[in-house]
Amino acid sequence: MSVYRSQVKIVADVLSSINDGGEGQTGLGITRIIQKANLSYGRATKIVTRLVDSGLVEQITVDNNQRYILSHKGIEYLRSHSDFADFAESFGMKL
Amino acid sequence: MLGSYFLFSEYKLIEGLLYLIGSFIGYRVMRISREGYRNTRSPTLLRLTISFIALTIGFFLTAFTYIFPVFYELTFQSDLIFNFRLEFLGISIALTSLFFIIAASFELLGYFILALGHGIKSYQKASAASIAYGFLTTVSVLSILKSISFVFLLYGSFETLLSYLESKKRPILYMFLGFAALSAGEFIRWLALFYSGLSPLMISSILVKLIGFVMLYTPVSTFNTYKGEQSNVSI
């Protein structure tokens, strides 16, 4: 049986991809985010744009390429998500 | 006779205190879930919040309905104005029934949303005739609400058990044992209704429910609420 990811889980996956994959201050490009978070191009760009707008992800330009790094707010969100995922899991539920 | 009356009052007080503990645990879970929803906007945590708001209100009302009449009875124990007591007896019974029904409705709502969180896909409506029959007396309304609550509670505990078997994580086991003990306590309480006064079954029911509440609180107590409050991030 296939397990569907919730919107919250997808956002967390995108954030952790950026967090794990960003090499130093160079950040992660959209292609790597698509690969790591297992999303389509359209969906990934939509989510990343939303995350940039909400201040969880910062957009930087490196060698004329758009890269993404996690902001302080994004790191806090990711930590908070992990804590509450454990909490929900103790009820046998997933975020 | 008088001794058994006091014993029965004590039992009501103990059960009331037990539900007060339940409402405190429910409140704690509700606060953590609410903080979680504020931070992550997760629908799962929203469902947990609503579920535990309903359960907290339900438990608190049940506690109030058990404890308040005990104080009332003890206050008027040595009083000479019996007529006053008798006049208020009818109102007291009606109010107690009403409070129990409201409390059971909140509990039902709470357990339903909790079961919904585990993925109930369809909710089959009972036939209008069976509902009309059930609404004939206050006792039957209460029995219906408690029965449905029991089914949802049982469903929730089985789903939690399945989650534990998948992940083998200890907090989920505590949660399952908590829900299972609450279900068992409720079931024993039904059996105890066949006996009047303070029966061993009634005492067992209270003890099992107490164990259930302690088990439910164990994983919740390990969670640091303030961790969530500090990172007030939302998307």
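Some observations on this one:
- Subset tally (residues that are out of contact with any Asp or Glu (no Cβ under 7 Å at 6 or more places or on another chain) and farther than 13 Å from B:Val208 by Cα) for segment B:170-191: 8
- Residue within segment B:221-234 that is surrounded by fewer than 19 Cβ atoms within 10 Å (Cβ to Cβ), modelled with pLDDT of 80 or more and within 30 Å of A:His72 (Cα to Cα) present: yes
- Count of residues meeting criterion [open to solvent by 50 Å² or more (accessible area, probe 1.4 Å) and either facing chain A (nearest Cβ under 8 Å) or over 19 Å from B:Lys209 (Cβ atoms) (or both)] in segment B:148-163: 1
- Given (1) without any contact (Cβ under 8 Å) to a residue 40 or more places away in the chain; (2) at positive phi, index of the condition A:Gly27 fails: (1)
- If only residues of segment A:59-84 that are in a strand (DSSP E or B) and open to solvent by 40 Å² or more (accessible area, probe 1.4 Å) are counted, the one that is nearest to the other protein chains (Cβ to nearest Cβ) is A:Gln59.
- For segment B:25-51, residues that are within 10 Å of chain A (Cβ to nearest Cβ) and either among the hydrophobic types (A, V, I, L, M, F, W, C) or more than 30 Å from B:Thr96 (Cα to Cα) (or both) total 15.
- Contacts under 7 angstrom Cβ, first residue in segment B:93-110 being farther than 14 Å from B:Ile57 by Cβ, partner at pLDDT 85 or above, 6 or more apart: B:Thr96/B:Thr65
- When B:Glu10, B:Glu15, B:Glu87 are checked against the criterion of being buried (at least 18 other Cβ atoms within 10 Å of the Cβ), at pLDDT below 85 and acidic (Asp, Glu), a single residue qualifies: B:Glu15.
- Selection from segment A:85-95 of residues that are of a type outside the set (Gly, Ala, Ser) and in a loop (DSSP other than H, G, I, E, B): A:Phe91, A:Met93, A:Lys94, A:Leu95
- Filter result (in contact with a Pro (Cβ under 8 Å, 6 or more places away or on another chain) and among the hydroxyl-bearing types (Ser, Thr, Tyr)) within segment A:73-95: A:Ser90
- A:Ser16 being touching a residue at least 24 places away in the same chain (Cβ under 8 Å), open to solvent by 30 Å² or more (accessible area, probe 1.4 Å) and small (Gly, Ala, Ser): yes
- Reported count of residues in segment B:164-188, each being among the charged types (D, E, K, R), surrounded by fewer than 19 Cβ atoms within 10 Å (Cβ to Cβ), in contact with a helix residue (DSSP H, G or I) (Cβ under 9 Å, 6 or more places away or on another chain) and more than 10 Å from chain A (Cβ to nearest Cβ), is 0.
The values are calculated or read from the model by the stated rules, or taken from the named source; none is laboratory data. All values derive from a computational prediction rather than experimental measurement. Note that we place each Cβ from the backbone using ideal geometry, even for glycine, and neighbour counts take in every protein chain shown. Areas reflect the complete protein model, heavy atoms only, side chains present, ligands, DNA and RNA absent. Shrake-Rupley method; radii C 1.70, N 1.55, O 1.52, S 1.80 Å.
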